[in-house]
Every structure is written in C-alpha cells, then in structure tokens.
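Colleague: Let me begin by handing over the structure; questions about it come next.
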Amino acid sequence: MRTPVRFRIRLFPIIAIISASVITQPRAETAPSSSALANEIVKRIGAVTSRENTFHETRTLAALSKKLESSGILRWRAPDTLEKLTLSPRREDLVISGHDVMLTRGNTATHRLDISSSHALQVLTDTLRAPLSGDNALLAREYHLSAQEDGKGLWTLTLIPATEETAKYVRKVVIKGKLNAITDLEIEQENGDLQSISIAL
C-alpha cells in the first residue's frame, strides 16, 4: 500500500518520506524556506554594528524626463543612526537617528523632523534602518519578506507591503547583497518613482 505524499513546492524542496522499516539512509539537508532565509540574511546584516561605504544613487521620477544621479558616503552606527552624506552634484546630509530625521543642504540650517509625525516617514526609516539593525520583527510589521541565495554568498531580499497603509507609499523593495553586506537597494514607490542605490564594498 502506498502512502500519499504531499509536496509543498513553494516553500520546500521535495523530501522523500522513507518508511521506518526500511534500512536508514543518509538524509539530505533541506534548504530553509524563503521567509526563513530572509530572516537569516537580515540577522546576518545586523551582526555588523558599524559600516562606512561609498554609494551611487539614481532616481527615476515620473515628473521628470531625466534621471537624477548623486554619490557620496553612507555610514551606519548601531543601533539606529544612518547617515547619507551626498557629496555630488551638491552637498546634502541626511541623518536618521533615534526618533529624528535631520536634513542639511549645503550651508543652510538643518531641518529636523520627528519620525512619528508622518507614517510615510516612518515607513521610509523602517525600510532603511531595520535591515541594517537586523530587526526582522520591525520589517515584518510593514512587509512580507522573501529571499533567494545562490550558494556563493550572493542574495536577494524582496519586500512587499504587508498592510494597506504601507502600500500607500511603497510598491516593492529589493535589496541585494553579499554575505553580511548590502550592495544594492531599490525602492519602488506607489506612484512609480524609483530610487536605486549601489553601495561599494
């Protein structure tokens, strides 16, 4: 009599079920599910408490026919400070720390915003900081996470909004990296605007 076997193809590789009466054979290791792999990658990223890398950013805006490009330095200091220091084409400092976002353009006065004052701002800061801090719980409040890895340390995280409120601002986020580092970040906004950041290791 044959025992029916159910396959969960989307989450797991095919697993052969062997009867206990059969001589024990070596068991093949199963790959983690996509969501489990995503959690593992985020934890891996969060294990690094300090980073400094150069970046190149391209923005594609629906209202403009020409792409906007910029470059500078990204700095991360755990648990919650992210600095995006744009050096070209003009100086602009964006600092997210604690409950505040601070923006300084050139020699002008710094503008300070409370993150909790806007859900759009909260979503943005969560999207940028949660992966760097390894905060899977925070990401899960805003997104459904999935991941792929090639076995050589290269991986891709895909974040799809988990709530209607988040979906008002973000359509999809794709984060690529190697081992415990992020190399590319792409944020597609609900209005079609696209922000792509390449990070040098």
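Colleague: May I ask you to verify whether residue 96 is part of a strand (DSSP E or B), touching a helix residue (DSSP H, G or I) at 6+ places or on another chain (Cβ under 8 Å) and among the β-branched types (Val, Ile, Thr)?
Modeller: yes
Colleague: Still on this structure: I want to confirm something. Restricting to the range 140-153 and keeping residues that are within 15 Å of residue 43 (Cα to Cα) and free of Cβ contacts under 8 Å to residues at least 40 places away in the same chain, which single residue is surrounded by the most Cβ atoms within 10 Å (Cβ to Cβ)?
Modeller: Applying the filter and picking the extreme gives 140.
Colleague: Something else now. Hey, can you tell me all the residues within the range 62-76 that are out of contact with any His (no Cβ under 8 Å at 6 or more places or on another chain), in contact (Cβ under 8 Å) with a residue 12 or more places away in the chain and in a strand (DSSP E or B)?
Modeller: If the condition is that a residue be out of contact with any His (no Cβ under 8 Å at 6 or more places or on another chain), in contact (Cβ under 8 Å) with a residue 12 or more places away in the chain and in a strand (DSSP E or B), then 72, 73, 74, 75, 76 are the ones that fit.
Colleague: Can you tell me which condition residue 184 does not meet? The list is (1) under 23 Å from residue 51 (Cβ atoms); (2) within 13 Å of the chain's Cα centre (by Cα); (3) surrounded by 16 or more Cβ atoms within 10 Å (Cβ to Cβ); (4) not aliphatic (A, V, I, L, M), and all the others hold.
Modeller: Of everything listed in (1) under 23 Å from residue 51 (Cβ atoms); (2) within 13 Å of the chain's Cα centre (by Cα); (3) surrounded by 16 or more Cβ atoms within 10 Å (Cβ to Cβ); (4) not aliphatic (A, V, I, L, M), residue 184 misses just condition (3).
Colleague: Please verify whether the range 124-131 includes one or more residues that are surrounded by 14 or more Cβ atoms within 10 Å (Cβ to Cβ), among the hydrophobic types (A, V, I, L, M, F, W, C) and at pLDDT below 95.
Modeller: yes
Colleague: Then there's this: With 2, 90, 77 as the choices, which residue is within 18 Å of the chain's Cα centre (by Cα) and either over 25 Å from residue 127 (Cβ atoms) or at pLDDT 95 or above (or both)?
Modeller: 77
Colleague: Same structure, new question: If residue 50 satisfies every condition in (1) at pLDDT below 90; (2) among the hydroxyl-bearing types (Ser, Thr, Tyr); (3) under 21 Å from residue 131 (Cβ atoms); (4) loosely packed, with under 14 Cβ neighbours inside 10 Å but one, which is the exception?
Modeller: Every condition holds for residue 50 apart from (1).
Colleague: Just the residues that are of a type in the set (Gly, Ala, Ser) and surrounded by fewer than 15 Cβ atoms within 10 Å (Cβ to Cβ), please, taken from the range 72-96.
Modeller: Passing the criteria: only 88.
Colleague: Taking the options 200, 181, 137, name whichever one is within 24 Å of residue 75 (Cα to Cα) and without any contact (Cβ under 8 Å) to a residue 12 or more places away in the chain.
Modeller: Of the residues listed, the single one that is within 24 Å of residue 75 (Cα to Cα) and without any contact (Cβ under 8 Å) to a residue 12 or more places away in the chain is 137.
The values are calculated or read from the model by the stated rules, or taken from the named source; none is laboratory data. Here the structure is a predicted model, which is why all the values come from computation and not from measurement. Note that we place each Cβ from the backbone using ideal geometry, even for glycine, and neighbour counts take in every protein chain shown.
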